[in-house]
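One structure is given below, encoded as structure tokens.
The values are calculated or read from the model by the stated rules, or taken from the named source; none is laboratory data. Quick caveat, the model's predicted, so the values are computed rather than measured. Reconstructed Cβ throughout: ideal geometry from the backbone, glycine too, with neighbour counts over all protein chains shown. Accessible surface areas use protein heavy atoms only, side chains included; no ligands, DNA or RNA. Shrake-Rupley method; radii C 1.70, N 1.55, O 1.52, S 1.80 Å.
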Amino acid sequence: MRLKNIFIQLLFYTLFLFSTQVPANLKKTDSLDGYLPMFFNPQDNGVRLSEPHFEYDLSGDEYQIGGLKFSIEDFGIYSGLIAWVDTQGTYYYKDRVEFQLPKGAMHFGKVEVYSRIGRKLLELNFDEKNMQEWKTWKKKLSTGKRVTKGNRYLKILKDPNIPSEIPFGSVEIEQGLFTDVEEPIFYCVSAVNVQLKLKSKICSPPLKKRGGQFLPFPYRTTKTFVKLDGKNRSKGKILLKQGEEPRKLRARLKDGIRLRVDFAYPRYEIVDIIATAGSEVRLIGIGERPLGYEYLDEVPFSLWKLFYLEETYPNKPRYWQVFIENGGAIYISMLGLDLKTIKISSETYPVEEQRPYLKLLKSEETYSSRPKLEGVSEVGVSGFQQSELKNLEGNKIELTFPAPKKSEINLGKVRVEKKFVASRGIYRGYSNLLSGVGTLAPDLNNGQLVVLYNFHSEMWFNSIFGWRNRWLSYQKWGVDLKYVGSFTNPQTIGFNSLEFFETSLKYRFYSGLAYREATVGAIYKYFSADLSPGYEGFHGLGMFWSRSLFKILSDSISWIGIFDHPIWLDMHFVYFPVDGSGRIPHGLNFQTSFEAKVFWRPWFFGRFGLDYRNIEFQISSNQKASLGLVGGSLGFGILF
């Protein structure tokens, strides 16, 4: 029976082992595999960035918000017929409806279609995931390639009047959903940021059915208004200030278009700027995205993401890039319509050929207070500010810089050809843990209720004596110590007291920082106990698994205040085949635990878990000691 329990636990552990994800880094240059570029930050290189401002003009026949220009011609609902045939030769059909918006107007959103009298005909959501899926799928169809989907292939048949450019979004619907709709309709697309209480919404003008499509028609209304913060203002330029309350723009335009735009000081950072061919400059940034952006990294397909089992912490930013004319501007937004203008200008910019690269074995993270990174540079570089640089053989360099701030990004900087400054940030994490936990655990063998407490310390190493081997040393090893005591005297023979001392050596299969990078790993554990003569402890081997909470669970419990924080999961299983003297103890000895750490602060957390500890050994030829403790635990801890 106990062997069966062990098998079930191992099976459960194996399922979670394969759910571990290792996040992708920023796209690397092919010829510099394993290296990441240093960035030319605008602030370090004399590039002038204007204060962000919100500029709009809704007074004419063509409207403008920031760099977004639009008119009634940018709206429409287009339908097409999808047909596919399976391997048996049977044909299937579905309608596909495409919604058009001004290009770049929304990144994602909820679409609602209404009849003239306000009856809702359709409601659906578009997020970045299905937007990208549709773009990729439509590009394949436009090339005439066969698109395989299981045992069928897809072929699109649609009206030639449908625009060739990818519209806002597309969805398959039941055939004939709009067939009987003859009256004018309109649709609205909205996006919301609940945390910041911001919303963008744009509604199309009234649309009439034309040959199966719904297109704008000449329409005028006298019930028009454009209000900024409740005051009539058809155009304006508003300088935004950090920390001020969100501003509100509301409009109903003469051709029936309606707008709601909440906007505030932007949350963004431009981390890199270089000159490219011609008069263009390229910007790389994080946070709110500009018109015409593209991501630098591609998110690979993940089965776990498909089932909402992806990781939820840390929320690492994605880098975007955009190209503009020298002296031009970018228009960034959070929700699509709240476009803030930032003008950019400089007399001179660095170029790609001047960029140094740093070698990062696993990630942009470290435990070290003074990280040392190898790199390459094809041009002359030197240390800048507190960063020290050593030129090695050929084009190789070694950069050492202070990283005093834990739980933050620390920058290393170099001077490039005495003209520019390049930098790269590295996150410094916590390497040590201290915690105290209480456990209420009944003994399964005799029914005694046992109250345990333990004190736990843990330490992780950035490398072993500076050796940076990615398989055997770098961010691989950790040790922990644990003392377990009891407020209860044992009623089981063979145990003088319920007091244990445990020490473990851990090895991560995936390099990275504890409580930030998901991993599985191996454990060697030794625990000593106050047992009958001849048994002082046991040697054990096992595995552990560590990752952030699944997204589907995080979304389910985030409404509970204390759980609306990063949550980290740990699972351990250790089997003890021999005792402290190397003898086989003639019993089943193992420990297993499942625990969640809720980080209310980056350094302070609560611990919630389940533990099962089974100890058996032979006292004499006819007497056996047995202890089986299973219970729930609760405690607190700190990282430092």
Practice item. From largest accessible area down, sort Ile562, Ile567; use a 1.4 Å probe on the protein chains. Key: Ile562, Ile567
**Study point:** Net lengthening on full extension, Leu505/Asn432 (0.36 nm per residue, minus Cα-Cα)
**Key:** 24.9 nm
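How much accessible area per residue does region 225-287 have, in Å², with a 1.4 Å probe?
Working: 3160 Å² over 63 residues.
I get 50 Å² per residue for this part.
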Practice item. Give, in nm to one decimal, the length gained when the segment between Glu51 and Thr400 is fully stretched (0.36 nm per residue of separation minus the Cα-Cα distance). Key: 122.2 nm
Check your understanding: Got a number for the accessible area of Trp460? Probe 1.4 Å, square angstrom, nearest 10.
Key -> 20
Point to revise | Accessible surface of region 409-547 [probe 1.4 Å, protein heavy atoms]: carbon and sulfur percent | key: 63
**Study point:** Residues of type aspartates and glutamates that Lys476 reaches as a straight line, Cα spacing below 20 Å, ignoring anything fewer than 8 places off in the same chain
**Key:** Glu364, Glu365, Glu374, Glu458, Glu517, Asp570
Revision key, fill the gap. Taking a straight Cα-to-Cα line shorter than 14 Å from Lys235, and setting aside same-chain aspartates and glutamates fewer than 8 residues away, one finds Glu55, Asp57, Asp61, Glu62
Exercise for review: Report the calculated FRET efficiency for Ile409 and Arg258 (r = Cβ-Cβ distance, R0 = 45 Å), to the nearest 0.05.
Suggested key: 0.60
Review point. Quick one: if you stick a label point 7 Å off each Cα along the C-beta vector at Ser621 and Ser59, how many nm between them?
Key: 10.7
Practice item. Compare the peptides 587-597, 374-384 by average per-residue count of other Cβ atoms within 10 angstrom and give them in order, highest first. Key: 587-597, 374-384
Study note, to complete from the structure: The percentage of the accessible area of region 183-237 (probe 1.4 Å, all protein chains present) made up of carbon and sulfur atoms, to the nearest whole number, is 52
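Of Lys241/Lys343; Lys316/Lys390; Lys316/Lys597; Lys201/Lys223; Lys69/Lys201; Lys525/Lys551, which ones are farther than 25 Å apart at the Cα?
Details: Lys241/Lys343 16 Å; Lys316/Lys390 31 Å; Lys316/Lys597 19 Å; Lys201/Lys223 19 Å; Lys69/Lys201 16 Å; Lys525/Lys551 32 Å.
Pairs exceeding the cut-off: Lys316/Lys390; Lys525/Lys551.
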Revision key, fill the gap. Between Thr224 and Arg282, Cβ-based FRET efficiency (R0 45 Å, step 0.05) works out to 0.65
Practice item. Report relative contact order for region 534-614 in percent, whole number only (criteria: Cα-Cα under 8 Å, sequence separation at least 6). Key: 29
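What does the C-alpha gyration tensor say about the overall shape of region 308-348? Classify as rounded when a/c is under 1.5, otherwise prolate if a/b is larger than b/c, or oblate. Provide the component values of the computation, followed by the final result.
On the way: a/c = 3.89, a/b = 2.10, b/c = 1.85.
Prolate.
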Point to revise | Stretch gain in nm, segment Glu352-Gln242, where the contour uses 0.36 nm per residue and the Cα spacing is subtracted | key: 36.3 nm
Exercise for review: Would you mind counting up the charge near Leu124? Only other residues with Cβ under 9 Å from its Cβ, with Lys and Arg at +1 and Asp and Glu at -1.
Suggested key: -1
Review point. Of Ser431, Ser59, which has the most accessible area with a 1.4 Å probe, and how do the rest follow in descending order?
Key: Ser59, Ser431
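I need the shape label for region 370-513. Rule: rounded when a/c is under 1.5, else prolate if a/b > b/c, else oblate, with a, b, c from the alpha carbon gyration tensor. Each step should come with its number before you reach the end.
Working: a/c = 5.22, a/b = 3.36, b/c = 1.55.
The shape class here is prolate.
Quick one: grab the alpha carbon gyration tensor of region 231-354, order the square roots of its eigenvalues as a ≥ b ≥ c, and give me rounded if a/c is under 1.5, else prolate or oblate depending on whether a/b is larger than b/c.
Values: a/c = 2.05, a/b = 1.14, b/c = 1.79.
Judged from the Cα gyration tensor, region 231-354 comes out oblate (a/c at least 1.5, b/c at or above a/b).
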Exercise for review: Could you work out how far the C-alpha centroid of region 535-574 sits from that of region 323-390, in angstrom?
Suggested key: 36
